[in-house]
Structure formats: structure tokens, C-alpha cells
1. Taking segment 240-258, which residues are farther than 16 Å from TYR211 by Cβ and crowded, with 23+ Cβ neighbours inside 10 Å?
2. Residues that are touching a residue at least 12 places away in the same chain (Cβ under 8 Å) and under 22 Å from GLY367 (Cα atoms): which helices (runs of 4 or more DSSP H) entirely in segment 229-290 hold 1 or more of them?
3. Which of the residues belonging to segment 369-385 are among the charged types (D, E, K, R) and without any contact (Cβ under 8 Å) to a residue 60 or more places away in the chain?
4. For segment 1-30: of the residues being among the polar types (S, T, N, Q) and not in a helix (DSSP H, G or I), which is nearest to GLY421 (Cα to Cα)?
5. Among the residues of segment 147-169, which ones are part of a helix (DSSP H, G or I) and surrounded by fewer than 17 Cβ atoms within 10 Å (Cβ to Cβ)?
6. What is the residue count in segment 291-302 for residues that are in a loop (DSSP other than H, G, I, E, B) and under 25 Å from PHE212 (Cβ atoms)?
Amino acid sequence: MPIYETVLHRNPGESEFHQAVHEVFQSLGAVADRHPELVDTGVIERLCEPERQIIFRVPWVDDSGKVQINRAFRVEYNSALGPYKGGLRFHPTVYLGIVKFLGFEQIFKNALTGMPIGGGKGGSDFDPKGKSDNEIMRFCQSFMTEMYRHLGEHTDVPAGDIGVGGREVGYMFGQYKRITNRYEAGVLTGKGLDYGGSMVRTEATGFGLVYFVREMLASRGLDLRGKTVSVSGSGNVAIHAALKAQELGATVVAASDSQGYVYDSAGLDIDLLTEIKFQRGERISVYADERTTATYHAAGNVWTLPVDIALPCATQNELDEESAKNLVSNGLVAVAEGANMPCTPGAIKVFNEAGILFGPGKAANAGGVATSALEMQQNASRDSWSFKRTDAKLDEIMTGIHEACARAAADFGSPGDYVTGANIAGFQRVARAMVAQGVV
């Protein structure tokens, strides 16, 4: 695979990026055989190289008056389908390889939505945890003081990701407006509802994940009613996935954080979990202290529990081959990725060999970016949609993503393989646009 060897050589030490590229390449052989013109025009090579990579320092002053320095990134990966679109992640683990991996995945995820958005990603090794609101504001303002020159509603439209929520987006939007003297609402998504944000944006990734699972199950004549579900994580995506799963008749029995997991045989009390995590900012262990049907397992692996459906919603490579084997032996029916690449290649192989329904992140968790694109639509038309209308549109988009993945997988000889289907469907849309636009 000479193109892949070139990727390894040109991007040393970026293991997450290598993993993402390799997974896509494994799906594209049949496409290259059927459409050699895509190979001849260098589309695959061009997809492996971002259009632009921005690295800059972010100086800011902490509450004690000391100057702090962080490093920040924005990878504007591919604009064949529209302006670059993808979140900003503030976390100590952020480095260029992580941002490139996320940006590469974003190309295909955004293409699958059918919306006119390209792929990009960004972030910083800044850690918001333990920082005051004023420190976070000063960091966000400094970050945007450099970043603003690369953004625009027709150029690059970031959103939130890990460590970046409504507070951080608000601070960045305020600084963008201050510097540019423009109220350009469409330059950032994930904004507050009072100044251009969209209904359902908070719930979108979790809700969309469950809509995708519903469609996968329906392909085998099944539904969510009566199914048991475990989720990893207890943040925004995990909690809203749990909420929607229970609305559709499932029982969500477990959730986790970095310290361990809780198991609730009666089904998670989503209101209590939301209060503990979002309003009180406490560890998930507190849930078991306040819920008699729940137990807490310190440093435990949530994937040891017997469930019908597993929803990894925390971070990359969290569900490994051993955990996959545990889930399969315990009667697993389906798994869908609520985070970016949370299942290792070994885990995915186990699921495939066992005939488990598997929804890859670039398809299953596309609800967040889809609703960000809906926010862009509303901003462009100076409009604001109801929760019901936006949720119905999200449902329609996720159903369409499932159909596109299933159709592409079947068309290329891999029926039921959603990884292959997602990679091929996303690739074909982007590749056709790139060929039409010439060598750029």
C-alpha cells in the first residue's frame, strides 16, 4: 500500500491519524477498481494531506498574574463540499496528530450528512478543568485573537468538542465580534440560544446516535424496546444518548467516568445523573450514593456488563479487543460509536466476525455536526426553528446516513458492513466534488 507508506513517512509519530487513514484505505480497494479515474486524479493522495495546518501559541494570564503559554491548532482539511466544519477540543492530550485524525474523520462524517460542509478540526492543549471563568475567558480571547483571521461563515466554522461548551463558544464569539466589528453569527456553532444557537444542538450527538442504532436494529427486524444498554462516559453525548434510548423503550443500566462506572439495575435516573454531572459537577460515584438500586465500581470496565447494546461515548480507543469479546460472549446485539474512533481495530474485527451490528463514529455520531449545519442554515436566514422541527430534521438526516451506508456497503459487496459503507459513501461524495473542481 504505497500511499499508506507515504502517509506514515510524512506524518511520523501520529498514531491516531495513521489508524484513521488505514481504516478508510481498507474500504477503498473496490472503489478504486470500479472507478480508476479517482486514482488517476490523485484524489486519495490529496485526501491524506490537509489543505492547511495552522499552529500557534496562546499566551494568557492566570488569576495569580502569571503568564501561561499553550499551543493551539486548526487543521483545515478539505473544503470540496463547503467551508471547513469541525469542533475545537481543549484538553491536555491535544497535539497535531489528534487534530489531523479528527479532521480526517470529519471529512467523511460531514459528507455523509448530505450538508454542504467540508472537514476540519482544531483545539489546544489547554485544560479548562480547575480554571476559573475569568481564566477561561482570557484564554479563549487570546485563542481567538489569532484564530479569527482564519475563520468566516464561508471559510471555516468551528464548533465545540471536548472541553469546549457553550461558555467557551460564547467567549470566543464575543472576541471574534470585537475584533472584526461584525455580528457574523454563522462563524461559530454551538452558541447560546439567545444569540443564534440552535435548538437540539446540545442533545444532537446523543440523540442522533440512538436514531442510527434504531435504524440498524430495524434492518434486522428489531427495535429498542426491552433492550438493555450501557454507555461509556457521562458527559453530554452519553447522557443524551441514554435519555433518547430510554424514550424509545430501552433500559440504560450503566454509565462511567474516568474513575469508574455505575450500574443501576432499574435503569439510570437521567435527571439525577444530569444534576450530578452538569449542575453539581461531581463524580459519577455520587450517583450510587443517592440511588438505592445502583452500585459503583471504582476503576471498573463498563464493558464487562451483559447488555444488548453498547454505546462507547467517551474517547478514542477505549473499547479494546478483550472488552469486545466480553460483550459478545454476554449476548451483545449492536454497538455504535458515540465518540470518535472509540473502538480499536481489534474490537471491530471481533464484532464483525460475530455478526454484531456495528455503527462507526463517522456515521453514528454525525448528529452533532449535522445540527451544527442546521444552526448555520438558521443563522444565514436569520431564523430560529422549534425543538420539534430541528429534532425531526436530525432524525431525517440520521436515517439518510444509515440508508447511504447500507446502500454503499451492499453495492460494493459487503452488505451490513457499516464501516465499509460509511467510508465508501463519504469518500465518493467528496471525491466526485474534488474531481469536478480540478487539481486544487
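The values are calculated or read from the model by the stated rules, or taken from the named source; none is laboratory data. What you see is a predicted model; the values in this text were computed from it and never measured. Reconstructed Cβ throughout: ideal geometry from the backbone, glycine too, with neighbour counts over all protein chains shown.
1. At the first step, the residues of segment 240-258 found to be farther than 16 Å from TYR211 by Cβ are 251, 253-258.
Across segment 240-258, the qualifying residues are VAL253, ALA254, ALA255, SER256.
2. Values: elements: 236-247, 270-274, 285-290.
In segment 229-290, 236-247, 270-274 are the helices (runs of 4 or more DSSP H) which contain 1 or more residues that are touching a residue at least 12 places away in the same chain (Cβ under 8 Å) and under 22 Å from GLY367 (Cα atoms).
3. Of the residues in segment 369-385, the ones among the charged types (D, E, K, R) are 375, 382-383.
Correct list: ARG382, ASP383.
4. Taking segment 1-30 as the starting set, the residues that turn out to be among the polar types (S, T, N, Q) are 6, 11, 15, 19, 26-27.
If we keep only those that are not in a helix (DSSP H, G or I) as well, we get 11, 26-27.
Values: ASN11: 27, GLN26: 12, SER27: 8 Å.
Result: SER27.
5. Across segment 147-169, the qualifying residues are ARG149, GLY166, ARG167.
6. Quick first cut of segment 291-302, residues in a loop (DSSP other than H, G, I, E, B) only: 291-293, 299-301.
If we keep only those that are under 25 Å from PHE212 (Cβ atoms) too, we end up with 301.
Count: 1.
Let's see how each residue does on (1) crowded, with 24+ Cβ neighbours inside 10 Å; (2) in the same structural domain as ASP156 (by TED's automatic domain parsing); (3) out of contact with any strand residue (DSSP E or B) (no Cβ under 8 Å at 6 or more places or on another chain):
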| position | (1), (2), (3) |
| --- | --- |
| ALA364 | yes, no, no |
| GLU396 | no, no, yes |
| ILE401 | yes, no, yes |
| GLY413 | no, no, yes |
| GLY421 | yes, no, yes |
